[in-house]
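A short reminder: the numbers here are calculations on the coordinates, not readings from a lab. Note that this is a predicted model, so its numbers are computed, not measured. As a convention, Cβ positions derive from the backbone with ideal geometry for all residues, glycine included, and neighbour counts pool all protein chains shown.
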Amino acid sequence: MRAGTPHDQHTTPTRRTRVHVVSDVHGNAEALARAGDGADALICLGDLVLFLDYADHSRGIFPDLFGVANADRIVELRTARRFEEARAFGRELWAGRDRNAAILSAVRKQYAEMFAVMPTPTYATYGNVDVPALWPEYANSGTTVLDGERVEIGGRVFGFVGGGLRTPMNTPYEISDEEYAAKVEALGPVDVLCSHIPPDVPELTYDTVARRFERGSRALLDAIHRTRPRYALFGHVHQPLVRRMRIGATECVNVGHFASSGRPWALEW
């Protein structure tokens, strides 16, 4: 062997990074506790709270308070887009009750359970049904909450945008298009764009079971065209017409509905 040949030198392979991503946990603490198994980090894109399960009307805060028959009725009205009737029906049910106190008490109970099982490290942002003001009470030191902010994981930059846009559903964390766009703009170029709601593309925003378009973000779509991230990851639409599609150089992936599947989406590099 000639002097200087590398054949007797040991080279260590570059360590790979694996991240698991979930969204729309909606009360599934058992699966959330396992979601980080085998990964270097867990990313959670919000909607920890289960207010009402549209697939199983016996689950959630609403049927716990008002029973399954009333849950059946509210789902029927909302699915038919009869939102004014749904609101009137809701007012009848809540008459004589302290709505805010009852909901916050139930949300606190769910948050205590959800955050207790999150692995370390977890990077999380809010969904539209979440209550951001309560998260500091339950997020432990292993959970980093980001909204309009960036973090580096394994050499890649991840940007996070939480919440949803305003809709007739009036869920707890809905904000104006302008406020949402400002958070997207604050991120700048990232390798992985993480949000709760999808970009505003019909195939990604249509729910085939609810039979309606959910609100997607034009600001996210513009950022994808402008900054060309490797991935755009999101949830919110539980049964989308299309779960995965490319927009230019960007792979767009719906990583929900974790509540029903119990399986995280894996990203490795």
Taking the Cα-to-Cβ direction at Glu76 and at Leu93 and moving 7 Å from each Cα, how far apart do the two end points lie in nm?
1.3
Can you list the residues, at least 5 places off or on another chain, whose amide H is less than 5 Å from the amide H of Ile43, using H built in the peptide plane?
His20, Val21, Val22, Tyr123
What is the Cα centroid distance between region 171-222 and region 35-83, reported in whole angstrom?
20
In terms of the ratio Rg/(2.2 N^0.38 Å) built on C-alpha atoms, what value belongs to the chain?
1.11
Could you give the length gained on full extension between Asn170 and Leu65, defined as 0.36 nm per residue of separation minus the Cα-Cα distance, in nm?
35.9 nm
Provide the gained length on full extension for the span Glu137 to Arg108, in nm with one decimal, where the gain is 0.36 nm per separating residue minus the Cα-Cα distance.
9.5 nm
Pulled fully out, how much extra length does the chain show between Thr14 and Asp56, if you take 0.36 nm times their separation in residues and subtract their Cα-Cα distance?
10.6 nm
C-alpha long axis of helix 83-94 to longest principal axis of the chain, angle in °
70
